[in-house]
Amino acid sequence: MSEASTRTPAPRVQDRLEAINDLLRRREALVDGESPPGGDAVTLERIDADLQARLDGLHPADLADVLESLPLEERLAVWQRVRSDRDGEILLEVSDSVRESLIADMDDSEILAAVEPLDADELADLVDDLPTEVLPELMASLDAQERERVQAAMSYEDDQVGALMDFDMVTIREDISLEVVLRYLRRFEELPAQTDKLFVVNAEHVLTGVLPLHWLLVNPPEKMVHEIMAPDVNTFRPEDDAYDVAQAFERYDLVTAPVVDAHMRLIGRIAVDAMIDFIREEGEAEALSRGGLREEEDIFASVWKSVQNRWAWLATNLVTAFIASRVIGLFEHSIEKLVALAALMPIVAGIGGNSGNQTITMIVRAMALEQVNVAQAGRLWRKELGVALINGLLWGTVIGVVAWLLYGSVSLGIVMTAAMTLNLLLAAFMGVGIPMLMVKLGRDPALGSSVLITAMTDSGGFFIFLGLATLFLL
C-alpha cells in the first residue's frame with residue numbers, strides 16, 4: 001500500500017479545539033485538587049507539555065480560530081502559552097474584537113516584541129489596535145524606509161488599495177537577459193509569498209511591464225527581458241476602491257498586480273490573499289449590517305459590550321413593532337367579530353417579509369457588484385412588481401382556497417388572496433426602494449435592510465389584511 005493511501009487526514013480545527021478544551025478542563029481539575037475527567041492518572045506537567053505541543057503544532061490561522069472559539073478566561077490561558085515569536089502572526093489573523101482582548105492582556109514590551117518583526121503593510125493593519133503609548137517607541141524602532149511605508153499605508157482608508165498593498169516584491173530591469181534574472185533570483189533565500197511575476201521598471205522606477213515566472217522558465221536564457229515581458233498589464237492606484245480591484249482579480253484570474261502612482265512609478269503590489277481577506281471581511285460586515293449590528297462582535301464578549309453593539313437597531317425594531325401593534329389595535333373590533341382574522345394575518349405578514357427579503361438581497365448584491373444604480377430604479381420596480389403580482393395571485397389563491405376550506409367563507413378566501421397580493425407588491429416596492437434610498441443618503445444599502453423590510457411588510461400586511469376584512473366581511 002502506498003504512502004499516500006495510508007496517510008492519516010489532518011484533524012479538523014473543531015477536533016483540535018475539542019482536544020485543547022479537554023486539556024484545559026483536565027488541567028483546571030488538577031489545579032483544584034480534583035480528579036481529571038476520564039480518570040487518567042496524569043500529572044500537571046504532562047498536561048502542560050501536551051497542551052504546549054498541540055499549540056506549537058497549529059498554523060497561526062488555525063490557532064486564531066481556536067482563540068476566537070474560547071471564552072475569555074480560557075482564551076487568555078491559551079494565549080499566554082503561545083510562543084512569543086508567533087504573537088504577531090496570530091494577532092494579524094484573529095478578528096478585531098478578539099485582537100482587542102489579547103492586546104489588553106499584554107504589556108508594552110510584549111506588544112513591541114510581537115509587532116516589530118512584521119512587515120510595513122502588516123504593521124499598518126495593527127497600528128489602530130495598539131495602545132497609543134507604544135506607538136512612539138514602535139515607530140522609532142523602524143528604519144526610515146519602513147517608517148515611511150507604514151505611514152503611507154495608514155494614510156489610506158480601509159477600503160482603498162493603499163491600505164491593502166504590500167511592499168515585498170521583486171523588480172528587474174528590462175535591459176538584462178533572462179540568465180541574469182535567474183542568477184539574481186537564486187540570491188534570494190525565498191521569494192515573496194504569492195510571487196507569480198516579476199515587475200519590470202526603468203531607472204526612474206517607472207513600471208514598464210511584468211515578467212511572469214513561467215515565461216522566465218520556458219524561454220531561452222539568452223533572451224532579453226524586454227523581448228518577452230508583457231508591457232500591457234493590469235495596474236491599480238493606491239486610492240482605488242478595493243472592492244473594484246477584487247472584482248478585477250476575479251475577472252482576470254490575477255494572483256498579484258502592481259500598484260503605481262500618478263506617474264506610473266511602482267510603489268507596491270496587491271496580492272490575491274489580501275483580496276480574499278478583504279472580500280471575506282466585507283461579506284461578514286454586510287451580513288452583520290443587514291441584521292442591524294454595528295460592528296463585529298466577539299461571541300464571548302461581555303454582556304455590556306454586546307448590549308452596546310446591538311441596542312441601536314433593537315430600539316428601531318421596538319418602534320416598528322409598536323407601530324405594527326397599533327395597526328392591529330385599530331382593528332380590535334374586527335378581530336373580536338371574526339376570530340379567523342387573528343389566525344390568518346401572520347401568514348400575510350410572514351410571506352410578505354420573506355418576499356421582501358428576497359428582493360432586497362438581490363438589489364443589494366447587484367448594487368455591490370455595480371450592476372445597477374439609482375437611475376435604474378424605475379426598471380427594477382417594474383420587474384419586481386411584476387414578479388410580486390404573479391407570485392401574489394398564485395400563492396394568494398392557494399392560501400385563499402385553504403382559508404375558504406377551513407372557515408367555510410368564500411369572501412374570506414378572496415380577502416386573503418387580495419391581501420397576499422397587495423402585501424407582496426408592497427414588499428417588492430420597498431425591497432427596491434429601501435436600498436436605493438440608502439444610497440441616495442450616502443449610507444450602506446445593506447445597513448439594517450432586513451429590519452426595515454420586515455417592519456414595512458408586517459405593518460403593511462396587517463393594515464391591508466385587516467382593512468380589507470373590515471370593509472368586505474363585517
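The values are calculated or read from the model by the stated rules, or taken from the named source; none is laboratory data. Please read all numbers here as calculations on a predicted model, not as lab measurements. Methodologically, a virtual Cβ is constructed for each residue, glycine included, from the backbone with ideal geometry; neighbour enumeration extends over all protein chains shown. Just so you know, the surface numbers come from the protein's heavy atoms only, side chains and all, with ligands and any DNA or RNA stripped out. Shrake-Rupley method; radii C 1.70, N 1.55, O 1.52, S 1.80 Å.
Residues to consider are Glu93, Glu116, Glu148; find the one that is under 30 Å from Leu266 (Cβ atoms) and in contact with a Ser or Thr (Cβ under 7 Å, 6 or more places away or on another chain).
Step by step, each of Glu93, Glu116, Glu148 is checked, and only Glu116 is under 30 Å from Leu266 (Cβ atoms) and in contact with a Ser or Thr (Cβ under 7 Å, 6 or more places away or on another chain).
Select from segment 53-99 the residues that are over 14 Å from Ala19 (Cβ atoms) and in contact (Cβ under 8 Å) with a residue 40 or more places away in the chain and list them in ascending order.
Glu68, Pro71, Leu72, Arg75, Ala77, Ser95, Asp96, Ser97, Val98
Which ones in segment 324-353 are exposed (fewer than 15 other Cβ atoms within 10 Å of the Cβ) and either in a helix (DSSP H, G or I) or within 33 Å of the chain's Cα centre (by Cα) (or both)?
Listed by number, the residues that qualify are Ser325, Arg326, Gly329, Glu332, His333, Glu336, Lys337, Ala342, Ala343, Pro346.
Matching residues to (1) in contact (Cβ under 8 Å) with a residue 60 or more places away in the chain; (2) among the aromatic types (Phe, Trp, Tyr); (3) touching a strand residue (DSSP E or B) at 6+ places or on another chain (Cβ under 6 Å); (4) assigned to a helix (DSSP H, G or I):
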{"residue": "Glu204", "(1), (2), (3), (4)": "yes, no, no, no"}
{"residue": "Leu207", "(1), (2), (3), (4)": "no, no, yes, no"}
{"residue": "Asp244", "(1), (2), (3), (4)": "yes, no, no, yes"}
{"residue": "Val259", "(1), (2), (3), (4)": "yes, no, yes, no"}
{"residue": "His263", "(1), (2), (3), (4)": "no, no, no, no"}
{"residue": "Ile279", "(1), (2), (3), (4)": "no, no, no, yes"}
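Being under 24 Å from the mean Cα position of the chain (by Cα) and open to solvent by 20 Å² or more (accessible area, probe 1.4 Å) is the filter; apply it to segment 452-474 and report the residue that is farthest from Ile399 (Cα to Cα).
Leu452
Pick from Leu422, Leu412, Leu405: which is over 27 Å from the mean Cα position of the chain (by Cα), open to solvent by less than 30 Å² (accessible area, probe 1.4 Å) and closer than 24 Å to Leu474 by Cα?
Leu412
Output yes when any residue across segment 148-163 is among the charged types (D, E, K, R), part of a loop (DSSP other than H, G, I, E, B) and in contact with a helix residue (DSSP H, G or I) (Cβ under 6 Å, 6 or more places away or on another chain), and no when none is.
yes
May I ask you to list the residues in segment 115-127 that are in a loop (DSSP other than H, G, I, E, B) and surrounded by 13 or more Cβ atoms within 10 Å (Cβ to Cβ)?
Glu116, Leu118, Asp119 - these are the residues of segment 115-127 that are in a loop (DSSP other than H, G, I, E, B) and surrounded by 13 or more Cβ atoms within 10 Å (Cβ to Cβ).
Within segment 164-179, which residues are of a type in the set (A, V, I, L, M, F, W, C), in a helix (DSSP H, G or I) and open to solvent by 30 Å² or more (accessible area, probe 1.4 Å)?
The answer is Leu164, and nothing else.
Taking the condition of being part of a helix (DSSP H, G or I) and touching a helix residue (DSSP H, G or I) at 6+ places or on another chain (Cβ under 7 Å), how many residues in segment 49-88 meet it?
Matching residues across segment 49-88 total 23.
Can you tell me which of (1) open to solvent by less than 40 Å² (accessible area, probe 1.4 Å); (2) modelled with pLDDT of 90 or more; (3) under 18 Å from the mean Cα position of the chain (by Cα); (4) not aliphatic (A, V, I, L, M) is the one Ser289 doesn't meet?
(2)
Given the options Leu130, Leu112, Leu182, name the one that is in the same structural domain as Arg81 (by the TED database) and not in a loop (DSSP other than H, G, I, E, B).
After applying the criteria, what remains is Leu112.
Looking only at segment 202-229, which residues are open to solvent by 20 Å² or more (accessible area, probe 1.4 Å) and either among the hydroxyl-bearing types (Ser, Thr, Tyr) or within 27 Å of Ala153 (Cβ to Cβ) (or both)?
Asn202, Ala203, Glu204, His205, Val206, Thr208, Leu213
Of the residues in segment 363-387, how many are in a helix (DSSP H, G or I) and touching a residue at least 24 places away in the same chain (Cβ under 8 Å)?
11
Go through (1) open to solvent by 50 Å² or more (accessible area, probe 1.4 Å); (2) within 23 Å of Ala163 (Cα to Cα); (3) hydrophobic (A, V, I, L, M, F, W, C) and name the single condition Phe236 misses.
(1) is the only condition that Phe236 fails.
Considering each of Val225, Val210, Val245, Val200 in turn, give the residue that is outside the structural domain of Ala124 (by the TED database) and over 25 Å from Glu148 (Cβ atoms).
Selected residue: Val225, the only one of Val225, Val210, Val245, Val200 that is outside the structural domain of Ala124 (by the TED database) and over 25 Å from Glu148 (Cβ atoms).
Considering only residues that are among the polar types (S, T, N, Q) and within 22 Å of the chain's Cα centre (by Cα), which ones fall in segment 59-101?
Those that are among the polar types (S, T, N, Q) and within 22 Å of the chain's Cα centre (by Cα): Ser69, Ser95, Ser97, Ser101.
For Ile267, all conditions in the list (1) part of a helix (DSSP H, G or I); (2) open to solvent by 50 Å² or more (accessible area, probe 1.4 Å); (3) at pLDDT 85 or above hold save one; what is the number of the exception?
(1)
Between Ile390, Ile399, which is of a type outside the set (Ser, Thr, Tyr), in contact (Cβ under 8 Å) with a residue 24 or more places away in the chain and either open to solvent by 70 Å² or more (accessible area, probe 1.4 Å) or closer than 24 Å to Ser459 by Cα (or both)?
After ruling out the rest, the residue left standing is Ile399.
Give Ala144, Ala104 a once-over and let me know the one that is over 29 Å from the mean Cα position of the chain (by Cα), open to solvent by 30 Å² or more (accessible area, probe 1.4 Å), at pLDDT 85 or above and of a type outside the set (Asp, Glu).
Ala144 is the lone residue from the list that is over 29 Å from the mean Cα position of the chain (by Cα), open to solvent by 30 Å² or more (accessible area, probe 1.4 Å), at pLDDT 85 or above and of a type outside the set (Asp, Glu).
Six or more apart or on different chains, Cβ under 7 Å: which pairs go from a residue in segment 402-425 that's free of Cβ contacts under 8 Å to residues at least 40 places away in the same chain and over 26 Å from Gly386 (Cα atoms) to one that's surrounded by 23 or more Cβ atoms within 10 Å (Cβ to Cβ) and of a type outside the set (Lys, Arg)? Could you list them?
From residues that are free of Cβ contacts under 8 Å to residues at least 40 places away in the same chain and over 26 Å from Gly386 (Cα atoms), there are no pairs.
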